[in-house]
Each structure stands twice: as structure tokens, then as C-alpha cells.
Amino acid sequence: MHMNRRRDLPLLCPSSQPDHPDAVVFGVQVVREDGQPRVGYLTQLQPASPEILALSGPAKPTEVLRIAAPCAKHSCQHFDGGGCKLAARVAGLLNPVVSGLPRCLIRPSCLWFRQEGKAACLRCSQVVTELRELTELQREVAGPGAAPGSASAAA
């Protein structure tokens with residue numbers, strides 16, 4: 001029996017925290033001329049090692065880096081038992097910021113892509129895992145229970 005290898009991979013959260021042992025960095029936040037942050041996707045995944053995370057200083061790694069790790073499921077405030085509410089809010093509330101699928105190394109195992117498809121990818125590059133100050137839209141996307149200034153807010 002032939003197994004679909006993509007379905008066997010653990011699904012990765014693309015807005016993870018760096019403390020998971022299998023966490024990888026797949027993007028770096030770049031601030032554009034208009035002041036809006038966008039992800040610059042890496043061409044190689046990097047382990048979320050202390051050395052890599054330290055490169056974000058003096059900012060927190062989650063303010064600068066996009067980190068993916070296996071979905072925490074029931075340990076995550078965004079998981080509702082059947083899927084990721086954050087992925088649904090990103091796809092449903094934010095406007096697309098790119099017209100085509102960006103080159104992203106985690107897409108084959110990305111929970112957001114698996115759940116929301118292309119709609120998540122067209123919006124993903126504007127997501128910042130942790131912001132110091134949130135707009136009302138960012139608060140709505142981050143969801144109930146999000147601490148002010150943090151918790152997977154989108155820009």
C-alpha cells in the first residue's frame with residue numbers, strides 16, 4: 001500500500017513559539033518602505049537554536065522571526081478540537097498581500113495551508129507572531145485571550 005508522505009508529516013504551526021524542541025525558523029520579518037512588516041522567506045530552514053534566536057536581539061525572536069513547530073493542538077488557545085481558529089481568522093479577516101503563492105519551505109506540512117489552502121498563504125507574509133502594539137484588526141485576528149501586544153497578531 002502506497003502511503004501519502006505529506007499526510008504522514010506532523011502539521012506545523014507557522015506562528016509558533018521558539019521553545020519547542022522541533023522548532024525551525026522559516027522566515028524573517030522585513031519592514032517595507034510603507035512601514036508594514038512582511039516575511040522574507042528563507043531558502044533553507046534553520047533550527048530555532050539559541051544562536052539563531054539570539055540574532056533577533058534586542059527584539060524578542062517572535063517579533064522578528066517566523067517560527068514553525070508541530071501544532072500544539074489542545075495546548076494551544078487557537079485550537080478548537082477540529083482545527084486552528086487563528087488560521088481561519090487570518091484567511092477570513094485579512095486582505096491578501098501577495099497575488100501568488102510565495103516560496104515557502106513549510107507549505108507541504110503547514111497546518112494553515114492544509115486547513116485554509118491558498119487563502120492562508122496569500123495573507124501569511126503579513127503575520128507577525130508578536131507585536132508590541134496591536135491595532136483593532138490585529139486584536140481581532142489574534143483572537144480572544146490574546147495578551148495585549150502579543151499572541152500571533154497580524155500586521
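Please work out if Leu111 is surrounded by 18 or more Cβ atoms within 10 Å (Cβ to Cβ), touching a residue at least 12 places away in the same chain (Cβ under 8 Å) and within 16 Å of the chain's Cα centre (by Cα). So Leu111 fits the description; yes.
Taking residues in the range 83-101 that are basic (Lys, Arg), and partners anywhere that are crowded, with 17+ Cβ neighbours inside 10 Å and part of a helix (DSSP H, G or I), the pairs with Cβ atoms closer than 9 Å and at least 6 places apart or on different chains are Arg89/Val141; Arg89/Ala142. In the list Gln29, Gln77, which residue meets the criterion of being part of a loop (DSSP other than H, G, I, E, B) and under 27 Å from Glu133 (Cα atoms)? Result: Gln77 is the single residue among Gln29, Gln77 that is part of a loop (DSSP other than H, G, I, E, B) and under 27 Å from Glu133 (Cα atoms). Within the range 120-155, the residues that satisfy the criterion of being more than 14 Å from the chain's Cα centre (by Cα) and either acidic (Asp, Glu) or at pLDDT 95 or above (or both) are Glu133, Glu136, Glu140. Asp22 satisfies every condition listed in (1) in contact with a strand residue (DSSP E or B) (Cβ under 7 Å, 6 or more places away or on another chain); (2) part of a strand (DSSP E or B); (3) surrounded by fewer than 17 Cβ atoms within 10 Å (Cβ to Cβ); (4) modelled with pLDDT of 95 or more except (2).
Residues in the range 28-50 that are farther than 18 Å from Ile106 by Cα, touching a strand residue (DSSP E or B) at 6+ places or on another chain (Cβ under 7 Å) and either in contact (Cβ under 8 Å) with a residue 24 or more places away in the chain or of a type outside the set (D, E, K, R) (or both): 3 in all.
If Arg38 meets every condition in (1) surrounded by 12 or more Cβ atoms within 10 Å (Cβ to Cβ); (2) at pLDDT below 95; (3) in a loop (DSSP other than H, G, I, E, B); (4) of a type outside the set (Asp, Glu) apart from one, which number is that one? Against the list (1) surrounded by 12 or more Cβ atoms within 10 Å (Cβ to Cβ); (2) at pLDDT below 95; (3) in a loop (DSSP other than H, G, I, E, B); (4) of a type outside the set (Asp, Glu), Arg38 comes up short only on (3).
Among the residues that make up the range 51-60, is at least one of them without any contact (Cβ under 8 Å) to a residue 40 or more places away in the chain, over 21 Å from Arg107 (Cα atoms) and charged (D, E, K, R)? Yes, because at least one residue in the range 51-60 is without any contact (Cβ under 8 Å) to a residue 40 or more places away in the chain, over 21 Å from Arg107 (Cα atoms) and charged (D, E, K, R). The set of residues in the range 41-74 being at pLDDT 95 or above, of a type in the set (Gly, Ala, Ser) and closer than 25 Å to Leu11 by Cβ consists of Ala48, Ser49, Ala68, Ala69. Within the range 90-120, if we keep just the residues that are in a helix (DSSP H, G or I) and touching a Phe, Trp or Tyr at 6+ places or on another chain (Cβ under 6 Å), the residue that is farthest from Ile67 (Cα to Cα) turns out to be Ala120.
The values are calculated or read from the model by the stated rules, or taken from the named source; none is laboratory data. Computed from a prediction, not measured in an experiment: that's the story for all the values here. Note: ideal-geometry Cβ built from the backbone for every residue, glycine included; neighbour counts use all protein chains shown.
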